[in-house]
1. Just grab the label-to-label distance for residue 27 and residue 265, each label 7 Å out from Cα along the Cβ direction, in nm (one decimal).
2. May I ask you to compute the full-extension gain from residue 10 to residue 241, defined as 0.36 nm times their residue separation minus their alpha-carbon distance, rounded to one decimal in nm?
3. Highest mean first, what order results for 268-278, 106-116, 325-335 on Cβ atoms within 10 Å?
4. Taking R0 as 30 Å, what's the FRET efficiency between residue 293 and residue 18 from their Cβ-Cβ distance, rounded to 0.05?
5. Convert each backbone phi in region 282-293 into a coupling constant with the Karplus relation 6.51 cos²θ - 1.76 cosθ + 1.60 (shift: θ = phi - 60°), then list the ³J(HN,Hα) values in order as whole Hz, x for Gly and Pro.
6. Per residue, how many Å² of accessible area does the chain show with a 1.4 Å probe?
7. Rounded, prolate or oblate: which fits region 94-186 when a ≥ b ≥ c are the square roots of the eigenvalues of the alpha-carbon gyration tensor, with rounded for a/c under 1.5 and prolate only if a/b beats b/c?
8. Given a Förster distance of 41 Å, report the FRET efficiency between residue 233 and residue 110 from their Cβ-Cβ distance, rounded to the nearest 0.05.
Amino acid sequence: MTGRVEELGMLGSLIGTAFWWGLYLLVFHRDRRRVRNGVLLLIALGSSLSTLGQLVQTTLPLGDVLVLAAVLLEVLGLVGLAVFMVWNGLTMVRKEGRSLGNLLSGFAGLALLASPVVAGALLFSLHPLGLAAGALLALLTLHVGLAFAVFLCASIPYQLFPKQLPTEGIIVHGSGLIRGKVSPLLRNRLDRAVAERDRLLALGLDPLLVPSGGQGEDEPRPEGEAMAEYLVEEAGMPAERVRAETASRTTEENLTLSHRILEEAGVAGPCIVATSRYHAFRAALLARSLGYADEAVGGPTAFYYVPSATLREFIAVLTYRKVWFAVSFLPALGLVALMVRAALLYA
């Protein structure tokens, strides 16, 4: 009887896993520019791991030991991730200079190391206020961790499987110049735009390139102007197929002002947005929120730069969904309130 129950349980797990993967692939195919894609992928991955763990326990000897070993590896992985993030923060400061953005990965690593220790100390104090503070810290850390996992599950597949649009417009997002010249990071964005133009030329389309970026306070000229110069003089693009946008200060303005230039040139419809890989998903989210059907593609980025840049992207996307983030944390606050009430009653 027990074997029959286990078989039915395994069959149910397999069906559930297949359902979540099918739903994710369907939704991702319809519109990959959605945060909810990350939620569905995270559920599908969790279901797959649960099914795999159930399979190991029922079919292999020492299944419980293997599951315990997997949990231990996960804990060690989290510690290793925290150490790596601290190291990355130090690397960013050494190579890019001291700034809050460059220190971000280091702070994240320290928080990842400190949060479980502090939360555990508060919980083991057994004082009502300590219990409340420890539970709140633990639940908040878990909540932020889950939000980051959702972001990665939405962003990484978007970067890995870009949608190849047939279009006549390519927008290139700017970034900081170095002494008025195109930086290596910005050059990778421009080169990705050139590669997209070559792909479209093979389809019989001759897209208009719009390098987009205004002049920062520490820059001698607008980014769009330097980008257009690179495209024409170094990448060999025809000057008549390059129209610089030089007034934007934000990613939103990059999109709206560049679309205005394209519309004035008679280019309608969805466009390709060329940027860095780590920035592609957020650029696509913004395009969707502005009502554009654009798809973003990303150029390569130096490895050491990616962790901090990804954290900045996560924080930015979190600000777009701050109401949902706050509302989804309300059940955790309710649980903390119940814990405090119980602790006060039995103190």
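The values are calculated or read from the model by the stated rules, or taken from the named source; none is laboratory data. As the structure is a prediction and not an experimental result, all values here were calculated from the model. Neighbour counts are summed over all protein chains in view; Cβ atoms, including those assigned to glycine, are modelled from backbone coordinates with ideal geometry. SASA here: full protein model, heavy atoms, side chains in, ligands and nucleic acids out. Shrake-Rupley method; radii C 1.70, N 1.55, O 1.52, S 1.80 Å.
1. Label-label distance for residue 27 and residue 265, simple model: 3.7 nm.
2. On the way: separation 231, 0.36 × 231 = 83.16 nm, distance 5.88 nm.
This chain segment gains 77.3 nm when fully extended.
3. On the way: 268-278: 23.1, 106-116: 17.2, 325-335: 12.3.
Most protected by this proxy first, the peptides run 268-278, 106-116, 325-335.
4. Working from the Cβ atoms, E equals 0.45.
5. 5, 4, 5, 4, 5, 4, 5, 5, 8, x, 9, 9
6. Details: 18900 Å² over 347 residues.
Computed with neighbouring chains in place, this is 54 Å² per residue.
7. Numbers: a/c = 4.60, a/b = 1.95, b/c = 2.35.
Oblate is the answer for region 94-186, as a/c is 1.5 or above yet b/c matches or exceeds a/b.
8. It comes to 0.35.
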